[in-house]
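*Asks:* Take this structure, written in structure tokens, and hold onto it; I'll ask about it next.
The values are calculated or read from the model by the stated rules, or taken from the named source; none is laboratory data. Only a predicted model underlies this, so the values are computations on that prediction, with no experimental measurement involved. Because the Cβ atoms are built from the backbone with ideal geometry, glycine has one as well, and the counts that use them run over all protein chains shown.
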Amino acid sequence: MAMTGRARSMGFSILQKALSSAQRSNAHRSILCPTLSNSELLRNYATASASKEQKIKVPLTMYGVSGNYASALYLAAVKSNTLEKVESELYDLVEASKKSPTFSQFMRDPSVPVDTRVNAIKEICAQAKFGDTTQNFLLILAENGRLKHIDRIVKRFKELTMAHRGEVKATVTTVIPLPADEEKELKATLQEMVGQGKSVQIEQKIDPTILGGLVVEFGQKVFDMSIRTRARQMERFLREPLNF
């Protein structure tokens, strides 16, 4: 994506400039409100752009730190009508992090001072031309020391955006990529299971250790049809004592 290039093109210079110019602040600052706790900050972020009459629900119940942040971001993005834009921008950021060891280390290093993180994120967002919703959210993560959780947060946020669009992800693990006709047939079968109103999205994973066959993770279900699992089942059967 174009934004991936812009985010990645910041290179060492921007990070080095931010890391060298900013100093740790003795007084704790908050991006949105200096007196709010983290939980209050998230609630404020999620509701700041909406009117009191507007009621939006998160399509999936999320738990834990990553789930709470993803839910707050989802509400803010929906209320500001920027859901797809935020999803695309966060995807670009994560991809840029994967391709830049320096950027990835910066995101996960807890020893980086708060002011340094905040200033670097501001410059990164400006370079990548991220929108206000994404920038404000990343600044909250930087302020609260949560940038190290960005991968998990984006993954949970993706689950919410898929649910918002009525999409259901099916992860298919095979030894080699599925041929197009087999993938189409599998998708049609899964589509029948979810019924109308939802769309199945297949994500393929390659894992030679399953030896053959396939494993399908679909919703809360796992269909393990791998040769590895069948071999283990056969081994257990052969080890059972014979009764004559």
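*Asks:* Within region 143-242, considering only helices (runs of 4 or more DSSP H) that don't extend past its boundaries, which have at least 2 residues that are over 30 Å from THR82 (Cα atoms) and modelled with pLDDT under 90?
*Replies:* Passing ranges, in order: 180-194, 227-239.
*Asks:* Follow-up question, since we're still on this one. Can you name every residue in region 162-203 that is within 14 Å of VAL215 (Cα to Cα) and among the hydroxyl-bearing types (Ser, Thr, Tyr)?
*Replies:* THR171, THR173, THR174
*Asks:* Touching a Gly at 6+ places or on another chain (Cβ under 9 Å) and part of a loop (DSSP other than H, G, I, E, B): does that describe THR61?
*Replies:* yes
*Asks:* Just to be sure, is GLU87 part of a helix (DSSP H, G or I), within 17 Å of LEU160 (Cβ to Cβ) and modelled with pLDDT of 90 or more?
*Replies:* In short, yes.
*Asks:* Checking SER104 against (1) in contact (Cβ under 8 Å) with a residue 12 or more places away in the chain; (2) farther than 21 Å from MET62 by Cβ; (3) touching a helix residue (DSSP H, G or I) at 6+ places or on another chain (Cβ under 6 Å), which single condition isn't satisfied?
*Replies:* For SER104, the exception is condition (1).
Residue-by-condition table, conditions (1) within 28 Å of PRO101 (Cα to Cα); (2) without any contact (Cβ under 8 Å) to a residue 40 or more places away in the chain:
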residue	(1), (2)
LYS158	yes, no
ALA170	no, no
THR189	no, yes
GLY213	no, yes
GLY219	no, no
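*Asks:* Another question, if that's okay. Of everything in region 205-228, what is among the polar types (S, T, N, Q) and touching a strand residue (DSSP E or B) at 6+ places or on another chain (Cβ under 8 Å)? Give them in sequence order.
*Replies:* SER226
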